[in-house]
Amino acid sequence: MEPRISLRGGAFRYDKRDIFSDLDLDVHPGEVLCILGPNGCGKTTLLRCLSGALKLGKGTVWLEGVDISTLNVVELAKRIGFLFQEHTTSFPFSVLEVVRMGRAPYLGLFGSPSETDTELALAALERVGMLPIKNKPYTQISGGERQLVLLARTLAQEPEVILFDEPTSHLDFRNQALSLEMIRKLSKNQISMIMTTHNPNHALLLPDKVALMKSGKFVAIGKSSEVITEDNLREIYGIEVRVFTVSDPQGGGTLKLCSPWFR
Amino acid sequence: MSRIKVVILIAVPLVLGYVSLFLGRYGVEPLTVVRILLSKIFPITPDWSRSAQTIVLEIRLPRTLLAMSVGAGLAISGAAYQGMFRNPLVSTDILGVSSAAGFGAALALLFSGNALEVQLASFALGLAGVGLTYLIARVYKTTPVLMLVLSGVVVAAFFSSLISATKYIADPDNKLPAVTYWLLGSLSGASYKNLATVVPMIGLGSAGLLLVRWPLNVLAMGDDEARSLGIRTELLKSVVIVCTTVITAAAVSVSGLIGWIGLMIPHVGRMIVGPNHNVLLPTTLAMGAAYLVLIDTLARTITPQEIPLGILTSVVGAPFLAYLLRRTKGGWK
């Protein structure tokens, strides 16, 4: 099967410093790739390059065989969705209005959403379970709800690839779980997803693929259960870590989890 | 938006515009005003004085129309800028258009005093001032909002000092009062001639802003985010800047510096119809027209001598906005 999105020989320099170099990756339809690594390792820059917002210094991002540097912002927005980590808005737009913004790539400079666009926005809200709050001001909902509303907006874009920049970083335990579950659900609809995260356990809960990144290089890339090892985690984070295989006391199978290990 | 709000928003400026035609030192009966207006279309035998006809048709009507256009234009420009800059403190002169246009007018008043030349110089310098701001703000083929605001501050400060310099060298007996009075804002120079030059500019600028009113919502989420949603942010920002600058420069060129409308009306509009620019922009158009025609009518009726508009818009506007801010606790509703 052809990869949906792939990176070949990707490199990015800023201020004469390599942010990352020589990166290759492939994500297939319906696959989730987690990029795991310490602060400042270049994850977010890599994600921004994959979205086309930043231009690679060297190498190419291929989206189903097309070099994304040949696509304009509108074509990119129809195919690649991006969920930002930092996000501020001063206007209390309604939740529905925010989700309708996902239709912007289909509307042009002078456009405004039609009945159909509104229906698509409502369907997207329904999919993430946020339909009941559609008329609430976006500025007055909780962080968890906001994350899901932004996901609904991205779904309204109807992209083939969704990029998440630390989707769980500001969320409580429950909302982290809900977000991860939502990502798993979406992968069953053939959407390819790439997310950066600080939590190796999140990568273990999304069992497809993980890339471990340190100082702008991939230390390892592959199936999460094979790549997330004590040695690899020690190498990228520089701390002592243990990986456990635990079995569900209620008989639901086994799961790998990791934790820092204090002596 | 509910139908009743739409009706009110259309009716209020029309009613105020009508009232402004019969109020003034020379009283004209409200019904006579209607018949004078209709006599232009239907054959009605005049039973009113010639001076009533002249005052209504030649003095008050152009002034009322100009007040409505200028008010509408300044208000929609302020709303568009507040959205684009994602900041409630922004008003139409954020990029320096008013100071630059004011300097153009002051210069022309100093050297000639011909009304048309003042208007032209003011309009041209208004455009040039914003052009300068845009050039200063442009880095790496983008114009970040923060750079625009800072460059605007620089350019506005520069032209403000030039205005002061003009005042300093102006002859204190005749030129200085003219410059000072002009800068305070007035619509007393209204005529069909300057309506014909200014209304098309304000109309085109407002039409441009109305065309991009929905994408402005997306832009209000931030440049990066808007780009990821397929908005050509640089193009959209240029459209907004060009439209707003044309409107404001045209308005200033005939009316002088009338502050507050571009800051206050969008706030009040948001309190009434919410932040969605799809609805907010047409709303501010109507509210701006109503507000300035009201203020201008007050300016020429409450005292024997006309009060400059720039003073009255803030004297009436500031307490009103203060009251609204207290009531809503600063919330952007």
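Antiparallel versus total DSSP beta bridges in chain A: what percent is that, nearest 5?
Working: 27 of 45 bridges.
Counting only bridges with both partners in chain A, antiparallel ones make up about 60 percent.
Along the positive direction of the dipole of the range A:5-228 (beta-carbon charges: Lys, Arg +1; Asp, Glu -1; about the Cα centre), which of A:G144, A:M213, A:L125 reaches farthest?
Farthest towards the positive pole: A:M213.
Which far-off residues, 5 or more places away or on another chain, put their amide H under 5 Å from the one on A:M213, with H placed in the peptide plane?
A:L36, A:G37, A:V219
Using 0.36 nm times the number of residues separating A:R234 and A:E2, minus their current alpha carbon distance, what extension gain do you get?
Taking 0.36 nm per residue and subtracting the Cα distance, the gain is 80.2 nm.
Show me the GluC sites (Glu not before Pro) within the range B:214-319 that DSSP assigns to loop and that have at most 13 other Cβ atoms within 10 Å of their Cβ.
Taking the range B:214-319 and a limit of 13 other Cβ atoms within 10 Å, no loop GluC sites (Glu not before Pro) are found.
With n ≥ 4 as the cut-off for DSSP H runs, can you work out [θ] at 222 nm for chain B, using -39500 (n - 2.57) per run divided by the number of residues, rounded to the nearest 500?
Details: 15 runs with 246 residues, N = 333.
The helix contribution divided over chain B gives -24500 deg cm²/dmol.
Give A:K16/A:K256; A:K78/B:K141; B:K5/B:K40; A:K55/A:K185; A:K55/A:K209; A:K16/A:K214 a once-over and call out the pairs whose C-alpha atoms are over 29 Å from each other.
Cα-Cα > 29 Å for A:K16/A:K256; B:K5/B:K40; A:K55/A:K185; rest within.
For chain B, what's the relative contact order in percent, using C-alpha pairs closer than 8 Å and at least 6 residues apart?
The normalised contact order for chain B reaches 29 percent.
Once you have a ≥ b ≥ c as the square roots of the Cα gyration tensor eigenvalues for the range A:203-262, tell me rounded if a/c is under 1.5, and otherwise prolate or oblate according to whether a/b is larger than b/c.
Oblate shape, in that a/c is at least 1.5 and b/c is the bigger or equal ratio.
Which ³J(HN,Hα) values in Hz, rounded to whole numbers, follow from the phi angles of the range A:249-263 under the Karplus curve 6.51 cos²θ - 1.76 cosθ + 1.60, where θ = phi - 60° and Gly and Pro get x?
Those phi angles translate into x, 9, x, x, x, 10, 8, 9, 9, 10, 8, x, 10, 9, 8 Hz.
In a solvent-free Debye calculation with one equal scatterer on each Cα, what is log10 I(q)/I(0) for the range B:3-328 at q = 0.08, 0.10, 0.12, 0.13 Å⁻¹, listed in the order of the q values?
Summing over Cα pairs of the range B:3-328 leads to -0.37, -0.58, -0.82, -0.96.
If R0 is 22 Å, what FRET efficiency do you get for A:H170 and A:S215 from their C-beta distance, rounded to 0.05?
0.30
Arrange A:C258, A:C34 by Cβ neighbour counts within 10 Å, fewest through most, would you?
A:C258, A:C34
List B:S2, B:S188 from most exposed to least, where exposure is judged by having the fewest other Cβ atoms within 10 Å.
If I rank by nearby Cβ atoms, fewest first, I get B:S2, B:S188.
How much net charge surrounds B:G310 when only other residues with a Cβ under 14 Å from its Cβ are counted (Lys, Arg +1; Asp, Glu -1)?
Result for the local shell: -3.
Within 10 Å of each residue's Cβ, count the other Cβ atoms and sort A:H87, B:H267 from fewest upward.
Fewest-to-most Cβ neighbours within 10 Å comes out as A:H87, B:H267.
From the backbone phi of the range A:172-178, what are the Karplus-calculated ³J(HN,Hα) couplings (6.51 cos²θ - 1.76 cosθ + 1.60, θ = phi - 60°) in whole Hz, Gly and Pro given as x?
With coefficients 6.51, -1.76 and 1.60, one gets 7, 3, 5, 6, 4, 4, 4 Hz.
Project the alpha carbons of the range A:5-228 onto their principal axes and report the range along each, largest first, in whole Å.
46, 39, 33
Across peptide A:130-137, how many C-beta atoms of other chains are within 10 Å of each residue C-beta, on average?
Counting Cβ atoms of other protein chains within 10 Å of each residue's Cβ and averaging gives 1.
Need one value for B:210-217: mean number of C-beta atoms belonging to other chains within 10 Å of its residues' C-beta atoms.
Mean partner-chain Cβ count within 10 Å for B:210-217: 5.
Treating only the Cβ atoms of Lys and Arg (+1) and Asp and Glu (-1) as charged, compute the dipole magnitude of the range A:5-228 about its Cα centre; round to the nearest 20 debye.
With only Lys, Arg, Asp and Glu charged at Cβ, the dipole is about 380 debye.
Any chance you could check the Cα centroid distance between the range A:104-130 and the range A:48-102 for me, in angstrom?
The range A:104-130 and the range A:48-102 have Cα centres separated by 16 Å.
Can you list the HN-Hα couplings for the range B:134-141, worked out from phi with the Karplus curve (6.51, -1.76, 1.60; θ = phi - 60°), rounded to whole Hz and with x for Gly and Pro?
After applying 6.51 cos²θ - 1.76 cosθ + 1.60, I find 4, 5, 5, 7, 7, 10, 6, 6 Hz.
Could you work out the mean count of beta carbons from other protein chains within 10 Å of each residue's beta carbon in B:229-238? Mind dumping the intermediate values first?
Numbers: counts 15, 17, 9, 5, 1, 1, 2, 1, 0, 0.
That works out to 5 on average.
What is the packing order of peptides B:199-206, A:243-250, B:53-60, taking the mean over residues of other C-beta atoms within 10 Å and listing the highest first? Kindly include the intermediate steps, with their values, before the conclusion.
Working: B:199-206: 19.8, A:243-250: 9.5, B:53-60: 17.5.
Output ranking for B:199-206, A:243-250, B:53-60: B:199-206, B:53-60, A:243-250.
Report, in deg cm²/dmol and to the nearest 500, the calculated mean residue ellipticity at 222 nm for chain A, where each DSSP H run with n ≥ 4 adds -39500 (n - 2.57) and the sum is divided by the residue count.
That comes out to -8500 deg cm²/dmol.
For the pair A:K55 and B:L31, how long in nm is the line joining their label points, each one 7 Å along Cα→Cβ?
If labels sit at A:K55 and B:L31, their model points lie 7.4 nm apart.
Which one of A:T196, A:N72, A:A156 has its Cα pushed farthest toward the positive end of the charge dipole of the range A:5-228, where Lys and Arg give +1 and Asp and Glu give -1 at the Cβ?
It is A:T196.
If I model a spin label as a point 7 Å beyond the Cα along the Cα-Cβ vector, how far apart are those points for B:M271 and A:N135 in nm?
Placing both labels 7 Å beyond Cα along the Cβ direction yields 2.3 nm.
Coordinate-derived values only; no laboratory data. Everything numeric here is computed off the predicted structure, so don't read it as measured data. Every residue, glycine as well, gets a Cβ built from its backbone with ideal geometry; the counts of neighbours run over all protein chains shown.
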